Amino acid sequence: MFTYAISASAAAGTSIWQSMFGFEIPATEKIVRTLGVYLGLAIIMRLAGKRQLAQLNSFDLIVMLLLSNVVQNAVIGPDNSLAGGLLGAVVLVGFNAVLERISTSSTRATRIFEGTPTTLVADGQIAEKQVRRTGLRDPEVVSALRHQGASAVRDVHKAMLEPGGSISVELNREAENATYGELRQAVLDLQRHLDERLSALELSVLERRDGGALGGDGVTG
């Protein structure tokens, strides 16, 4: 009885160890599945455009939430082991790091993998054609501009939708907020101007006083 219990415990321990760290599918198949899903999603997101990264409406959010469940089985297959999950994670992180290095190796590679910026606003006017092409709406563009510090579209010199989905805004000079350095320099310039005017005024008063004194001396003589 005692021997049977020991044998059962050893068998259970072996079963647990096997289920956690034993691959249920070949490691090569696991790697191929992971890379295939990664590349497929990357192509889909690239074709979907930068709008998917810039602004998520309610429908986009639903798609993003369901997407992970849709491709989950394609990644793991029949393998639920801990070792299989860790292998997939390592493959994803490593392959993503390699692609990032390749995409930043040159301007051409960056353009191929990430795309190019899209002009949304130019000289205070919304570029309707480019906005429609990205799938954005005018209210979404205006909202993004306000988050960047622009009170109105006319205050924007140029707004770009970057490849990563962020929107960069360059305000007109008149609409930009003054920095501390600019304010300090303006105060110094004003102080210097006032000092020069005051010095000139004092010099003028002294000259008039000296001229009056010389005139008085001539009359007295």
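The values are calculated or read from the model by the stated rules, or taken from the named source; none is laboratory data. None of these values were measured; they are calculated from a predicted model. Backbone-built Cβ (ideal geometry, glycine too); neighbour counts: all protein chains shown.
Values for this structure:
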item: Condition check for SER151: in the same structural domain as ASN73 (by TED's automatic domain parsing) and more than 22 Å from ALA48 (Cβ to Cβ); result: no
item: VAL205 closer than 30 Å to ALA127 by Cβ and at pLDDT 75 or above; result: no
item: Test: residue in the range 101-117 that is in the same structural domain as LEU47 (by TED's automatic domain parsing), part of a helix (DSSP H, G or I), surrounded by 12 or more Cβ atoms within 10 Å (Cβ to Cβ) and modelled with pLDDT of 85 or more; result: yes
item: Inter-residue pairs, beta-carbon under 6 Å, first in the same structural domain as ALA89 (by TED's automatic domain parsing) and closer than 12 Å to ILE76 by Cβ and in the range 20-44, second among the acidic types (Asp, Glu) and in a helix (DSSP H, G or I), 6+ apart; result: none
item: Any chance VAL98 is loosely packed, with under 12 Cβ neighbours inside 10 Å, at pLDDT 85 or above and closer than 30 Å to ARG33 by Cα; result: yes
item: Test: residue in the range 167-175 that is in contact with a Lys or Arg (Cβ under 7 Å, 6 or more places away or on another chain) and of a type in the set (Asp, Glu); result: yes
item: Scan of the range 32-78 for residues that are at pLDDT 80 or above and among the charged types (D, E, K, R), ordered by number; result: ARG33
